[in-house]
Amino acid sequence: MDKSVTHSFRSSLLDELEYATNSLIEGEAVMRRALGRLWQVISEDPDRQLDEERVIPKQEEQEDIDDEEDEQERRMARAPDLTPTAHKLFLVSYADNGPPVIDPSQFASPEMQQDSLEKSLATLRELQDDGREYVERLQEIREGLGDTRAQRNIIWEMVREKAVKELQDVAFSVAMD
């Protein structure tokens, strides 16, 4: 048989392509887990965790505190904080509209911080969506490689059978002469 035919059917190129495709898919899985963990952390309210860690005062102490607070302060204390969790985690806060805790020259204004955070989170969501599409395309490529491999194996089997038959015919004709 012609060496070029044999080489094309015994090439390891499909194996290498399949290995590369699988490696890329696995790499995307790592990023998907990291982004999933980020979204999980962002969904957990840090204030709620702090409330769970605080010690609840005894009933007698609570009565003294209640006597000192007026009705409006108690209502404000019970009101839920509707600030998005991502803002609580990533933005520099100013305590009670007072002076900043950190030197403001070190950071952008709160509006700029919020805008930058929202753009960054949107970019991460786009990256996650693009990653999903990328993995889908890689899986399609992997399936295509499998189909190509199956077709190559069928053709290779036919070529070998034909070559064996030709060799047998030549051997038979030589034996008859």
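The values are calculated or read from the model by the stated rules, or taken from the named source; none is laboratory data. Since this is a predicted model, take the numbers as computed values, not measurements. Cβ coordinates were reconstructed from backbone atoms using ideal geometry, including for glycine residues, and neighbour counts include every protein chain displayed.
Table for the structure above
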item	result
Matching residues in segment 138-154 - criterion: being under 20 Å from the mean Cα position of the chain (by Cα) and either surrounded by 12 or more Cβ atoms within 10 Å (Cβ to Cβ) or of a type in the set (A, V, I, L, M) (or both)	Leu138, Gln139, Ile141, Arg142
Qualifying positions in segment 83-110 - more than 23 Å from Val41 (Cα to Cα), charged (D, E, K, R) and either at pLDDT 60 or above or outside any helix (DSSP H, G or I) (or both)	Asp103
